[in-house]
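> Here you go, one structure.
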Amino acid sequence: MSEESNLDFARCVEVSERVAWRLDDVMPKGTRLDFSLPFLPEALARTAPLSMLDARERKILNQITANSYLNAFAFVEEYIIATMMDHARAELYGDKDALRALTRVAEEEIKHQQLFHRFRRAFEDGFGTRCGVLEDASEVAGAILSKSPIAILLVTFQLELTTQHHYLACARNDDAIDAFFVSLLKHHWIEEAQHARVDQLELEKQIALAPGPALEYGVDEYFEIVEDLAAVFARQAAMDTESLAVATGRILPRDEREAVTRSRRLAYEDMFLRSGLVHATFLEMLRRLDETAPERAEAFAKSLGVAGD
């Protein structure tokens, strides 16, 4: 696993403690957002192709998408907290380094939820209109947690790896977007990078303990979860289109409204699914579980944005 091969849980704890940040240092209570600039980099927001929108409307849609993006991470972190606590419970009388690493992940995910909820309140206070976002986190978490541990760890690993692409490849050097939002993406990535390493170690345990058929079954269930998440993000895409209409006071013709919704769906599929599905580290892990899985992942990534068009 290249540079990750020497990782262990004690090292994960050490690095996590060194890079950890405080919620109030990243977003103090009472922070007021600056709506003069876009929040998300265009590589993630994907508003430029929407020629039926003027510059102001594209900026508004960018900000709506950014709010939905952070809420979506808070949304999926609901199940991640639960699964990390389940894995920690298994180490209660065992590996104390693993116990510390897993409980740190859970605690930091709760902190991320608090950060994103704080952003959402500030967004609602300053944006001027209310935007619809995903709310049924416990229901979706329950559906994901009904799957096998391997499947759950795989989708968690994938989602946490996406933050690397979002910050390093898309936002870090983008001077056209709001600097505060770039800081949020950076701080999220800093800790999620450590969480992804814990995921790898937990997956290593599964590889060592589970028979081959169980690993393959876990991979099958992983793809079921990804399909379900694509449907969840499609719901958010439709809500964003409605939020745009309310915020701009302009009702788009049906074909233009459908184009906006499709662009939001593609954006969320890219952000949360495709960028993780094709990540080299993720594909390497998939191959260790099932030789055919990387090809399945790449085929699935290509299929995103096709279904429903």
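> Measure nothing fancy, just the Cα-based angle from helix 179-209's long axis to the longest principal axis of the chain, in degrees from 0 to 90, nearest 10.
Helix 179-209 sits at roughly 30 degrees to that axis.
> Can you work out the accessible area per residue across the range 155-258, with the rest of the protein chains kept in place, probe 1.4 Å, in square angstrom?
Normalised by residue count, the accessible surface of the range 155-258 is 41 Å².
> For the pair residue 227 and residue 291, what calculated FRET efficiency results from E = 1/(1 + (r/R0)^6), where r is the Cβ-Cβ distance and R0 = 30 Å, to the nearest 0.05?
The computed FRET efficiency comes out at 0.90.
> Among 62-70, 136-144, how do they line up from the highest to the lowest mean number of other beta-carbon atoms within 10 Å?
62-70, 136-144
> How about the range 180-280: which chymotrypsin sites (Phe, Trp or Tyr not before Pro) there lie in a loop by DSSP and see at most 14 other Cβ atoms within 10 Å?
In loop regions of the range 180-280 (DSSP not H, G, I, E or B), there are no sparsely surrounded chymotrypsin sites (Phe, Trp or Tyr not before Pro).
> In 5 Å bins starting at zero, report the fraction of Cα pairs in the range 224-309 per bin as a rounded %.
Values per bin, smallest distances first: 3, 14, 22, 19, 14, 11, 7, 5, 3, 2, 0.
> Could I ask something else about it? At a threshold of 8 angstrom on Cα-Cα distance, excluding pairs fewer than six apart, so keeping six or more, what relative contact order does the range 239-309 reach in percent?
28 percent
> Measure nothing fancy, just the Cα-based angle from helix 55-90's long axis to the longest principal axis of the chain, in degrees from 0 to 90, nearest 10.
The angle comes out near 20 degrees.
> Applying the Karplus parametrisation 6.51 cos²θ - 1.76 cosθ + 1.60 with θ = phi - 60° to the phi angles of the range 126-135, what ³J(HN,Hα) value in whole Hz is obtained for each residue in order, glycine and proline being reported as x?
These are the phi-based 3J(HN,Hα) values: x, 6, x, 9, 7, 10, x, 9, 4, 10 Hz.
> Apply 1/(1 + (r/R0)^6) to the Cβ-Cβ distance of residue 235 and residue 130, taking R0 = 22 Å, and write down the FRET efficiency to the nearest 0.05.
0.85
> While we're here: Past the 30 Å Cα-Cα mark, which pairs from 29/96; 29/302; 111/205; 186/302; 29/205; 96/302?
Correct reply: 29/96; 29/302; 29/205; 96/302.
> Quick one: with all protein chains in place, what share of the accessible area of the chain is carbon or sulfur, to the nearest percent (1.4 Å probe)?
Ligands and nucleic acids excluded, carbon and sulfur give 52 percent.
> Let me know the longest stretch in the chain that avoids all trypsin sites (Lys or Arg not before Pro) found in a DSSP loop with at most 10 other C-beta atoms within 10 Å.
It runs 33-309.
> Roughly how tilted is helix 293-303, in degrees to the nearest 10 and between 0 and 90, from the longest Cα axis of the chain?
Orientation of helix 293-303: about 10 degrees from the principal axis.
The values are calculated or read from the model by the stated rules, or taken from the named source; none is laboratory data. Just so it is clear, the model here is predicted, and its values are computed rather than measured. For neighbour counting, all protein chains shown are included, and Cβ atoms are generated from backbone atoms with ideal geometry for every residue, glycine included. Note: accessible area is taken over every heavy atom of the protein model, side chains too, but ligands, DNA and RNA are not part of it. Shrake-Rupley method; radii C 1.70, N 1.55, O 1.52, S 1.80 Å.
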